[in-house]
Amino acid sequence: MGIQGSAVAQAQRWSWGRVASGIACLLLLLGGVAVQLAVAGGATEAMKSTIDEVLKIVRDKELKQPGREEERRKRLEQVVGDRFDYEEMSRRSLGAPWNTLSDKDKQEFVALFKTLLTNSYADKIETYSGEGVQYINERTEKDYAEVRTKVLTGKTEIPLDYRLLNKGNDWRVYDVVVDGVSLVNNYRGQFSKILRSSNYADLVDQLRKKSEKIKAS
């Protein structure tokens, strides 16, 4: 089936990615007041610093005033972008085809993928009122780390793990695992299906249209 095939199939293909990216980016970055640091390490402290910055913006009464919505969103996107390595996430999500792209095409793909993710979680961040995040533990191996957490929302606990890479002495998120399902692996599966049935140009077009649709909804 081509990329312009069934609208229903396209919606199903992208639905998990939108939900996961929204939940993952949102719930990690907005841990709420009841944050518990069971095991604190470099990667865990890095995530906590980002949470604190995001919460400061979300709680800022001045930024909630009419006419400052765009400024508020840009500040949130900046804080999230400082922790999430969109280029690394893009490279891992696209897989082998990444190595065939020109530098210009790589920059375009990263920009589109970043826009897709930010448009997915932006509104959710601004309305989040969860109870908190419990940090379970941190595992580190050389320049890689995984911070395991549980998101607490009412009576529900959602396992949420964050995979980070140390770049320039800073921990950057390159994947999020929601209840055992990797966001990067999920997108790679979706992208591979599109590339097998169509081509890279159509994948880029699909990314652009999906991002615009999410932003408009």
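The values are calculated or read from the model by the stated rules, or taken from the named source; none is laboratory data. Just so it is clear, the structure is predicted and the values come from calculations on it, not from any experiment. Please note: Cβ atoms are built from the backbone with ideal geometry, for glycine as well, and neighbour counts cover all protein chains shown. Side chains are part of the model used for accessible areas, which takes the heavy atoms of the whole protein and leaves out ligands, DNA and RNA. Shrake-Rupley method; radii C 1.70, N 1.55, O 1.52, S 1.80 Å.
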Exercise. Within region 202-217, identify whether any single residue is open to solvent by 30 Å² or more (accessible area, probe 1.4 Å) and hydroxyl-bearing (Ser, Thr, Tyr), and answer yes or no.
Key: yes
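Which of the residues that make up region 168-182 are among the aliphatic types (A, V, I, L, M) and closer than 14 Å to Asp85 by Cβ? Outline the logic, then answer.
In the first step, residues of region 168-182 are kept if they are among the aliphatic types (A, V, I, L, M); the result is 173, 176-178, 181.
Val173, Val176 - these are the residues of region 168-182 that are among the aliphatic types (A, V, I, L, M) and closer than 14 Å to Asp85 by Cβ.
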Quiz item: Got a sec? Which of Asp60, Asp82, Asp52 is at pLDDT 85 or above, closer than 22 Å to Trp171 by Cα and either of a type outside the set (S, T, N, Q) or open to solvent by 70 Å² or more (accessible area, probe 1.4 Å) (or both)?
Solution: Asp82
Quiz prompt | Pairs where the first residue, in region 170-197, is closer than 16 Å to Trp98 by Cβ and the second is open to solvent by less than 30 Å² (accessible area, probe 1.4 Å) and part of a loop (DSSP other than H, G, I, E, B), C-beta under 7 Å, 6+ apart | solution = Tyr174/Asp85; Arg188/Gly95; Ser192/Gly95; Ile194/Ile3
Quiz prompt | One residue from Arg172, Arg148 being open to solvent by 60 Å² or more (accessible area, probe 1.4 Å) and in a strand (DSSP E or B) | solution = Arg148
Quiz item: Within region 158-167, is there a residue that is open to solvent by 50 Å² or more (accessible area, probe 1.4 Å), over 14 Å from Thr44 (Cα atoms) and of a type outside the set (Phe, Trp, Tyr)?
Solution: yes
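Just the residues that are within 19 Å of the chain's Cα centre (by Cα) and either open to solvent by less than 10 Å² (accessible area, probe 1.4 Å) or free of Cβ contacts under 8 Å to residues at least 12 places away in the same chain (or both), please, taken from region 63-75.
If the condition is that a residue be within 19 Å of the chain's Cα centre (by Cα) and either open to solvent by less than 10 Å² (accessible area, probe 1.4 Å) or free of Cβ contacts under 8 Å to residues at least 12 places away in the same chain (or both), then Lys74 is the only one that fits.
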Exercise. With respect to Val110, determine if the residue is modelled with pLDDT of 95 or more and part of a helix (DSSP H, G or I).
Key: yes
Exercise. Within region 76-88, track down each residue that is part of a helix (DSSP H, G or I) and either touching a residue at least 60 places away in the same chain (Cβ under 8 Å) or more than 13 Å from Tyr162 (Cβ to Cβ) (or both).
Key: Leu76, Glu77, Gln78, Val79, Gly81, Asp82, Arg83, Tyr86, Glu87, Glu88
